[in-house]
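Here the structure is laid out as structure tokens; the discussion comes afterwards.
The values are calculated or read from the model by the stated rules, or taken from the named source; none is laboratory data. Just so it is clear, the model here is predicted, and its values are computed rather than measured. In this analysis, Cβ positions are derived from the backbone assuming ideal geometry, glycine residues included, and neighbour counts consider all displayed protein chains.
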Amino acid sequence: MKTDPALISATELLCLYRSRSLSPVEVAQACLDRIAVLDTDLNAFTLVDGGAALEAARASEERWIKGEPLGLVDGVPATIKDLILTKGWPTLRGSKAISPDQPWEEDAPATARLREHGAVLLGKTTTPELGHKGVTDSPLTGITRNPWNAAMTPGGSSGGAAVAAATGMGALHVGTDGGGSIRIPASFTGIFGLKPSFGRVPAYPLSPFGTLAHVGPITRTVSDAALMLRVLACPDPRDWFAFPYGDKDFLACVDDGIAGMKVAFAPTLNDAPVDAEVSALVRRAAEEFSALGAHVEEVTLEMPDVGQVFFAHWAVGAATVMAGFTEEQKALMDPHLRGFETAGAALSLLDYQQAVQTRGRLGARMNLFHQRYDLLLTPAMPIPAFEAGLNEPSRPEEAGWIDWTPFTYPFNLTQQPAASVPCGLTAAGLPVGLQIVGPMHRDDLVLRAARAYERLHPIALPPERH
């Protein structure tokens, strides 16, 4: 067993609970201790409820002593991104414009499923305001920082969840991904993040960014994500987009490997430039898929107009959510978000509908692509992490984030499952992520491929901070 219980994977914890070698109370306390030591500098949490966590851990301990665990993750410490409703805790979405003084009486589906399966909820993780951009800072909570180098951003918008995962502040972390918000921080912080197929994980209320937005796991191991996905995918009638529940046991097949699969490797997409170190590490990782038994073919992949189509969807989503705030409230909000609002409000209904039609053609294009290939490999990000507090690498304060995330948001438009798995470090010691994209509904293939690669290269955590 690792020295610190907070660094043990969820799947290992369950075995230790079953054998009574470790208690959920010990693990919860270890996670809370790490939060107390680390989070002052990293700022991954907007709320920590140690009392509630220890109470839940004691109840879990009693169930394990009786041999009657509540569900699939009983006693495993978990966190919830502060875009997702949690009964009894405010969901402020990184915004000073949202009052904490209101009833918080409902769990979102992801929160409810984790509670039903016995998870120990530690608190809520940071997000940029309303989850609108690819880094994690907000007027409410300030700047969240990368544990590999605190001067750098962890990415976003699930940056708090990724930092918590990378530093042992919980084992299971709920993230959201509307344009890369799970995969961007997974790549920048060197952990595993999965954007499931749209509809796999029920969501409520519907994101203002609509059918771009996915809910999924951020974890330190692929097996933990597979376990967590089975829990999150349990049905909830509040999401009418969710597809029929099949109780797929993703963990049972995660070690099946990828021998014989046809894998496409796209070093770039739409000729987007890629940092030389990132390109070399991703290429090396893609080549290793041949050693895993896959048939790897380098391809040129074009997705015409994808940036404009995504921008239209995202800007309209921003304008939609901002319409619910007064001018006084808007004055408290991130100017970067206000920029998206202005662009979305100026878009005509005809222009938006044309973007929807083009999106449909992009989805069909990728469906046809996956008639030939089981999986697609790309860089998760074209760059390593950049300076914290900036919206993009090159400093224009009001610039958007779409230009520097060319590999993530296309697969929100097409709604396919996509993951980032770490594939090495730059010379400066910053993580790089390999993106694995699967056909719609084949989350199992993405998890299997990520796990096969993880067996060759176990996920390394950042140097210990004290």
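Anything in the range 198-220 that is in a loop (DSSP other than H, G, I, E, B), under 13 Å from the mean Cα position of the chain (by Cα) and of a type outside the set (K, R)? List them, or say none. V201, A213 - these are the residues of the range 198-220 that are in a loop (DSSP other than H, G, I, E, B), under 13 Å from the mean Cα position of the chain (by Cα) and of a type outside the set (K, R). Applying a threshold of 9 Å to beta carbon distances and a minimum spacing of six or more residues, or different chains, the list of pairs starting in the range 237-251 at a residue that is on the phi > 0 side of the Ramachandran plot and ending at one that is surrounded by 16 or more Cβ atoms within 10 Å (Cβ to Cβ) and assigned to a loop (DSSP other than H, G, I, E, B) reads D247/A233; D247/C234. Being in a strand (DSSP E or B) and not aromatic (F, W, Y) is the filter here; which residues of the range 170-196 pass it? The answer is L172, H173, V174, G175, T176, D177, G193, L194, K195. Residues in the range 231-278 that are of a type in the set (K, R) and assigned to a loop (DSSP other than H, G, I, E, B) were compared, and the one that is modelled with the highest pLDDT is R238. You will find that of E341, E392, the residue that is over 22 Å from the mean Cα position of the chain (by Cα), buried (at least 18 other Cβ atoms within 10 Å of the Cβ) and not hydrophobic (A, V, I, L, M, F, W, C) is E341 and no other.
Checked against (1) in a loop (DSSP other than H, G, I, E, B); (2) modelled with pLDDT under 95; (3) not basic (K, R), A385 passes all but a single condition, namely (2). Is there a residue being in contact with a Phe, Trp or Tyr (Cβ under 9 Å, 6 or more places away or on another chain), surrounded by 24 or more Cβ atoms within 10 Å (Cβ to Cβ) and closer than 18 Å to P384 by Cα anywhere in the range 113-133? For the range 113-133, residues in contact with a Phe, Trp or Tyr (Cβ under 9 Å, 6 or more places away or on another chain), surrounded by 24 or more Cβ atoms within 10 Å (Cβ to Cβ) and closer than 18 Å to P384 by Cα: present.
Does R465 count as modelled with pLDDT under 95 and of a type in the set (K, R)?
Details: modelled with pLDDT under 95: yes; of a type in the set (K, R): yes.
Yes; evaluated as a whole, the condition is true for this residue.
Of everything listed in (1) surrounded by 20 or more Cβ atoms within 10 Å (Cβ to Cβ); (2) over 19 Å from the mean Cα position of the chain (by Cα); (3) not aromatic (F, W, Y), the single unmet condition for A418 is (2).
In the set L206, L229, L212, L251, only one residue is within 26 Å of H173 (Cα to Cα), among the hydrophobic types (A, V, I, L, M, F, W, C) and crowded, with 22+ Cβ neighbours inside 10 Å; that residue is L229. When A28, A36 are checked against the criterion of being under 26 Å from the mean Cα position of the chain (by Cα), buried (at least 19 other Cβ atoms within 10 Å of the Cβ), closer than 17 Å to G123 by Cβ and not polar (S, T, N, Q), A28 stands alone in meeting it. Can you say whether P431 is over 17 Å from P196 (Cα atoms), surrounded by 22 or more Cβ atoms within 10 Å (Cβ to Cβ) and in contact with a Pro (Cβ under 9 Å, 6 or more places away or on another chain), as far as the supplied structure shows? Criteria met by P431. When restricted to residues that are in contact (Cβ under 8 Å) with a residue 12 or more places away in the chain, assigned to a helix (DSSP H, G or I) and at negative phi, the range 95-133 contains 8.
Residues that are hydrophobic (A, V, I, L, M, F, W, C), closer than 27 Å to P463 by Cα and touching a residue at least 24 places away in the same chain (Cβ under 8 Å): which helices (runs of 4 or more DSSP H) entirely in the range 1-90 hold 2 or more of them? Steps first, please.
Values: elements: 10-18, 24-42, 50-66.
Fully inside the range 1-90 and qualifying: 10-18, 24-42.
Answer with yes or no whether R220 is more than 23 Å from V73 (Cα to Cα), modelled with pLDDT of 95 or more, in contact with a helix residue (DSSP H, G or I) (Cβ under 6 Å, 6 or more places away or on another chain) and among the basic types (K, R).
Details: more than 23 Å from V73 (Cα to Cα): no; modelled with pLDDT of 95 or more: yes; in contact with a helix residue (DSSP H, G or I) (Cβ under 6 Å, 6 or more places away or on another chain): yes; among the basic types (K, R): yes.
No, not satisfied.
Looking for something crowded, with 21+ Cβ neighbours inside 10 Å and either more than 22 Å from the chain's Cα centre (by Cα) or on the phi < 0 side of the Ramachandran plot (or both) - is there at least one such residue anywhere in the range 452-459? Taking every residue of the range 452-459 in turn, at least one turns out to be crowded, with 21+ Cβ neighbours inside 10 Å and either more than 22 Å from the chain's Cα centre (by Cα) or on the phi < 0 side of the Ramachandran plot (or both). The residues in the range 284-318 that are part of a helix (DSSP H, G or I) and touching a residue at least 24 places away in the same chain (Cβ under 8 Å) can be counted, and the count is 19. Would you confirm whether or not the range 393-400 contains a residue that is of a type in the set (S, T, Y) and at pLDDT 95 or above? Looking for residues that are of a type in the set (S, T, Y) and at pLDDT 95 or above, one finds none in the range 393-400, hence no. For the residues L368, L350, L281, L332, the requirement of being crowded, with 17+ Cβ neighbours inside 10 Å and either at pLDDT 95 or above or not in a helix (DSSP H, G or I) (or both) singles out L281. Residues that are outside any loop (DSSP other than H, G, I, E, B) and of a type in the set (D, E, K, R) were ranked within the range 415-466; the one that is nearest to V274 (Cα to Cα) is E454.
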